[in-house]
Each structure stands twice: as structure tokens, then as C-alpha cells.
Amino acid sequence: GLYWRRRDDQKTDTLAYIHFKNIARFWRFVDDHVENKRRLLLIAHNLQFDFMVLGGFSYLRRLGYELSKLIVNGKTNIYTYRKGQKTIMCLDNQNYFNTSIKSLGENVGLPKLDMPAAGDTIKEWYTYCQRDVDIMYHAWRYWLSFIHDHELGTFGRTLASQSFNAYRHRFMAYKVLVHNSVRATELERASYRGGRVECFQLGMLPEREYSLLDINSLYPYCMKVYPYPTRLRYIKNEPSIEQLKRSLVIHAVIANCLVVVKKVQRANSGL
């Protein structure tokens, strides 16, 4: 394990490694590094598995911590514990890096080591485990620096929350007001349509160069280029056609309409 504290007030950060074979020793190490009125982030790759192996729910309760928030949603895991003015937030590394430690290591320039054999020494196992920790450490150094250097707002607990923080901090020209109108919500949901996803070819593709398109980024691209509504202005019952025309000049409109089509009398062709 590694305790890392970023130190803007000093030339170097605080780094403290721990090698342990006793679970209780690990949790004492964690508890010793939680400070009053500060939040300690406890990060593991595949948090559910490591937390269960380390008996996290039991040990933290014994140390006097109470679970105040539990979010388990696929690979997104967030457990928040409090004891007085101390806070431990347990986060899954996969909340941010949805890949393997091996792939992450290749990206940060630290190749993952081969797993030692069952009969190898404890020192070899420590070296193997510490490499995984160092891979995560370098990935998080890059991630936090990226947020800071690009002014992406406060730290988010998931990629989605970080994206929203970045939008509000740097890119939100107008405040987005979420209304509580039931009638408006019903119209909004009725107007919403999902996209269609279809495979153009199944099975093995011929060996050649392919382009990977980030389809999800089409949504923010449209939001950047085209105007979109940011607040509910009003609701009208049975507005006239002229009222709708005036509204559509500067506003977006959702309407539930009944269209009456005049019956057209077809001429007899004689056929």
C-alpha cells in the first residue's frame, strides 16, 4: 500500500509505503493517516474484491467509523465512512480508469510484473504488489494534474461527476435550472427518443486500419455548436397557432398536438 499526500506547501509530496501480512496492521495504517476535518481517499482497483478480502466493513466499524454512504453500481463503487471529524472515502480505481492494471501500466510507462510463483519469497511478492500500487500512483498523479492544469473544477468521485464539474466551472455560460413541473416533465419525457445501434458486420473483420469514433462525444459537440434550452419559461394550454409561431422565434417548444387532415376527394380515373 501507499499513502500519498500532495504538498503544495513543500517541494516534495509525502509518500509512505506499507508492506503487510496482517490485515489489522493495514487498517491501523489507514486510521493513523486520517486527519481531522480532512478526507482520506482510499483507492483500490476492483474495490469490492479488495475491501471484502481486507474485511473493510468489519475493521472500520471496530475502529469507530460509521458507514454514511454506500454506492454500488457495476464498476462504480463509493463507500464513505465518518468518525467524528474524520472522513474516509473508498473509491474504485475503475470509477476513472475502466481498464486493467496491465493496460494502465502500459499507458503510464510502468509495465505490470509477472505474478510470482506460489513458492517464491515474500520479497518477490511485495515487489509484484508494489508495482501495481505504483502504476495506480502514477495514473493518479497524471489525473489530478490534468484536472488542475485544465481547470476542470473540483474533484469528482466518478468520470461523470468530474465532467459535470468541468462543465459548470469552465463552460456553463448560462445557469441550467431544473424545474419541478410535473406537466412539463411529462411532455419532455414523451418527446425523448433514443438512438439506434446496429452492427454493420458481425464476426472477424479483415486485417486493415480502422477508425474508432467516439459517438458519446457527439452529444457535447451538439451542445457546443447548437443552441439548447436551459430553463422552463412557461406552460400554456391550447395556445393559438400565432402564439406558437411567436414562441418558436426565440424559444424551443414541446407540444402535444392533434393534427386534423382534411379528407381529399380523389378524382375517378376510370381504372
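None of the figures in this text is laboratory data; all of them are computed from the coordinates on show. This is a predicted model, so every value here is computed, not measured. We place every Cβ from the backbone using ideal geometry, glycine too, and count neighbours over all the protein chains shown.
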Expressed in nm to one decimal, what extension gain is obtained for the pair Arg208 and Arg5 from 0.36 nm per residue of sequence separation less their Cα-Cα distance?
68.5 nm
Positive minus negative residues near Cys90 (Lys, Arg vs Asp, Glu; Cβ under 15 Å)
+4
For Ile43, list long-range residues whose amide hydrogen, built 1.01 Å from N in the peptide plane, is under 5 Å from its own amide hydrogen.
Leu91
Figure the gain on full extension for Ser161 and Asn256 (residue separation times 0.36 nm, minus the Cα-Cα span) and round it to one decimal in nm.
30.8 nm
For q = 0.21, 0.25, 0.26, 0.28 Å⁻¹, what log10 I(q)/I(0) does the stretch 98-169 give under the Debye formula with an equal point scatterer on each alpha carbon and no solvent?
-0.89, -1.06, -1.09, -1.16
Among the DSSP H helices of the chain, those whose Cα atoms extend at least 27 Å along the helix axis and whose mean Kyte-Doolittle hydropathy is -1.0 or higher are 122-149
Under 16 Å between alpha carbons, and skipping anything fewer than 8 positions from Lys21 in its own chain: which aspartates and glutamates qualify?
Asp50, Asp120, Glu124
Taking a crude spin-label model, label points 7 Å out from Cα along the C-beta direction, the Ser240 to Phe171 distance in nm is 4.2
Label model pair Val249, Val53: point-to-point distance (7 angstrom along the Cα→beta-carbon line) in nm is 6.7
Binning at 5 angstrom from zero up to the longest distance, how are the C-alpha pair distances of the stretch 1-95 distributed in percent?
3, 12, 23, 26, 20, 11, 4, 1
If I take every Cα pair under 8 Å that is 6 or more residues apart in the stretch 55-155, average their sequence separation and divide by the length, what percent do I get for the relative contact order?
15
Explain nothing, just the number: relative contact order of the chain, from Cα pairs under 8 Å at least 6 residues apart, as a whole percent.
11
Go through Lys86/Lys175; Lys175/Lys224; Lys102/Lys224; Lys83/Lys123 and tell me which ones have a Cα-Cα distance over 26 Å in this structure.
Lys86/Lys175; Lys102/Lys224; Lys83/Lys123
Compute the length gained on full extension between Leu113 and Val225: take 0.36 nm times their separation in residues and subtract their Cα-Cα distance, giving the result in nm to one decimal.
35.7 nm
Net charge over other residues, Cβ less than 13 angstrom from the Cβ of Thr127 (K, R count +1; D, E count -1)
-2
Using only C-alpha positions, report the orientation-averaged shadow area of the convex hull of the chain, nm², one decimal.
27.8
Spatial separation of Cα centroids for the stretch 97-151 and the stretch 205-270, in angstrom
48
